[in-house]
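Since the structure comes first, as structure tokens, the remarks are kept for the end.
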Amino acid sequence: MMYGFIGLGQMGAPMAAHLADQGLIVYDTRAEALRPLVDKGAKAASSVSEVARAADVVSVMVRDDDQVNEVAAEILASARPGTVLAIHSTIRARTAEDLAHRALSYGIEVVDAPVSGGFMGANAGTLAVMVGGTPEAFARCKEPFESWADLILHMGPVGAGTRTKLARNLLHFVAFTAAAEAQRLAEASGVSLRKLARVVRHSDAITGGAGSIMLRATTAPLSPDDELYDILCHVRSLGEKDLTLALELADELGVDTPLARLALTRFAAGLGLEDPADE
């Protein structure tokens with residue numbers, strides 16, 4: 001199988017590097033981005049079309065929806081029927097669905113396959129990839145994806161991969177905002193922010209952070225006879241106590257903590273537990 005990779009930026013270059021000696025053809029608008037891959041055994045293309053004509057599976061890692069559509073138009077015009085086009089960029093789910101619909105008349109299959117794990121995971125080959133597409137297209141992509149990912153999940157039809165990535169990133173960046181709120185509280189308390197960060201990274205590496213609470217198959221309220229009910233009741237008790245204490249400290253110090261206040265009001269419902277007032 002000939003594998004193509006278009007877009008050799010911070011993520012694309014290390015992802016492609018894992019395939020450089022396995023029949024890889026690459027393209028980027030920056031000529032200097034090609035040289036490290038060529039040195040590792042890849043073939044440099046002079047255009048998107050050259051990659052599309054040569055490859056059986058083409059990966060695209062560019063900036064946004066507009067660039068994805070621009071590159072995809074060139075690929076559809078040049079690729080052979082049976083080619084699989086894999087979009088790794090984080091885009092709108094509708095963009096992936098529309099692209100897949102256009103590709104049908106060319107006999108080309110599209111998968112939306114955004115990744116998670118950052119440039120560290122790209123370098124180490126330990127990314128997670130969330131794939132939306134037909135089972136047949138997923139099967140053809142799985143082997144090359146294994147070169148740079150160690151978690152490869154078929155999420156459903158085209159668009160499902162992107163919806164998964166957007167949900168994952170919602171958690172990621174809301175958590176960044178919560179981290180800033182925690183740092184303001186710590187700073188006002190005279191606590192070292194660098195030491196706080198060490199504690200957070202250490203404990204999250206052990207517990208799994210926010211992901212450790214993602215145990216349920218549905219967001220519907222839990223029945224008291226559910227095996228998770230008592231566990232999450234315990235989590236609720238601890239969480240509401242600690243959030244209350246943190247908010248008391250914030251009030252004493254005059255620190256605004258809107259996310260923490262919202263979290264306290266929604267904590268029980270988020271765990272699938274009814275508010276006592278509604279029971």
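Annotation for region 18-64: trypsin sites (Lys or Arg not before Pro) lying in DSSP loop with at most 16 further Cβ atoms inside 10 Å of their Cβ are R30, K40, R63. Summing +1 for each Lys or Arg and -1 for each Asp or Glu among the other residues whose beta-carbon sits under 14 angstrom from that of F145 gives -3.
Computed log10 I(q)/I(0) for region 173-229 at 0.21, 0.29, 0.31 Å⁻¹: -0.86, -1.19, -1.25, from the Debye equation with unit scatterers placed on every C-alpha and solvent omitted. More than 18 angstrom separation, counting every C-alpha pair in region 215-279; what % is that? Tail of the P(r) past 18 Å holds 41 percent of the pairs.
Rounded to the nearest Hz, the phi-derived 3J(HN,Hα) couplings of region 189-204 under the Karplus curve 6.51 cos²θ - 1.76 cosθ + 1.60 (θ = phi - 60°) are 8, x, 8, 5, 5, 5, 6, 4, 4, 5, 5, 4, 5, 5, 6, 5, where x marks glycine and proline. Computed from Cα atoms, the angle from the helix 93-104 axis to the main principal axis of the chain rounds to 20 degrees. Taking amide hydrogens as placed 1.01 Å from N in the peptide plane, the amide H of T257 sits under 5 Å from that of no residue at least 5 positions away in sequence or on another chain. Helix 160-188 and the longest principal axis of the Cα set of the chain meet at an angle near 40°.
With an 8 Å Cα cut-off and a minimum separation of 6 or more residues, compute the relative contact order for region 215-279 in percent.
Numbers: 36 pairs, mean separation 29.3, N = 65.
RCO, region 215-279: 45 percent.
Note that region 138-149 has calculated 3J(HN,Hα) couplings of 4, 4, 6, 7, 4, 4, x, 5, 4, 6, 10, 9 Hz, one per residue in order, obtained from phi through the Karplus relation 6.51 cos²θ - 1.76 cosθ + 1.60 (θ = phi - 60°); glycine and proline are x. Could you grab the relative contact order for the chain? Cα pairs under 8 Å, six or more apart, rounded to a whole percent. Across the chain, relative contact order equals 12 percent.
Dividing the Cα radius of gyration of the chain by its Kirkwood radius returns 1.08 for Rg/Rh.
Going from the alpha-carbon gyration tensor of region 3-164, what semi-axes, largest first and in whole Å, does one get by taking the root of 5 times each eigenvalue?
Working: eigenvalues 88, 66, 38 Å².
One finds semi-axes of 21, 18, 14 Å for region 3-164.
Under 5 Å between amide hydrogens, built in the peptide plane, is the criterion, and for G156 it picks out G133 among residues at least 5 positions away or on other chains. Close amide H pairs (under 5 Å, H built 1.01 Å from N) link V111 with L85, A86, I87, residues at least 5 positions away or on another chain. Karplus-based coupling profile of region 46-58, in residue order and whole Hz: 8, 6, 4, 4, 5, 5, 4, 5, 8, 9, 8, 10, 10, with θ = phi - 60° in 6.51 cos²θ - 1.76 cosθ + 1.60 and x standing for Gly or Pro.
Here K40 is the anchor, and the lysines within straight C-alpha reach of less than 28 Å, apart from those fewer than 8 places off in the same chain, are K142. Within the shell defined by Cβ-Cβ distances under 15 Å, the residues around G107 carry a net charge of +1, with Lys and Arg each +1 and Asp and Glu each -1.
Throughout, read-outs are computed from the coordinates displayed, never taken from laboratory work. These numbers come from a predicted model, not from an experiment. Here the Cβ is made from the backbone with ideal geometry for all residues, glycine too, and neighbour counts use every protein chain on show.
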